[in-house]
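Below is one structure, written out as structure tokens, with a few remarks after it.
Just so you know, all these numbers are worked out from the coordinates, no wet-lab data involved. As the structure is a prediction and not an experimental result, all values here were calculated from the model. Cβ placement follows ideal geometry from the backbone for every residue including glycine, while neighbour counts extend to all protein chains displayed.
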Amino acid sequence: MRLFVAMAGLVFSLGAFAADGKAPGGPDFQEMKARALERIDRREAMLREHRACVEKAEDVSALKQCHESMRQKAHHGNRGGGQAPN
């Protein structure tokens, strides 16, 4: 019986969560979506810059410099708690 009451409580709480798209005390869906899109935009910009560097590289040394620059920017840009670009 206790298990049934616990499961019923869980189902109703999940239903409430799904109804408004927001966890109690947490960010809402639109905020999470906006942050995800901002991270994607930053990664795309970094990749475009890296691509331009690789395209204009004329030797192995310049190509290595492009990769090192990308690594540095990915590392410094990762201070916000997200993942580094892949």
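Which aspartates and glutamates have a Cα less than 14 Å from the Cα of K64, not counting those fewer than 8 places away in the same chain?
Partners within reach: E55.
What is the dipole size for the stretch 30-79, taken about its Cα centre, with +1 at each Lys and Arg Cβ and -1 at each Asp and Glu Cβ, in debye to the nearest 20?
260 debye
Convex hull over the Cα atoms of the stretch 30-79, averaged projected area in nm²?
Quarter of the Cα hull surface area: 3.4 nm².
On full extension of the chain, what length is gained from R71 through R39, given 0.36 nm per residue of separation minus the C-alpha to C-alpha distance?
My answer for the length gained is 9.9 nm.
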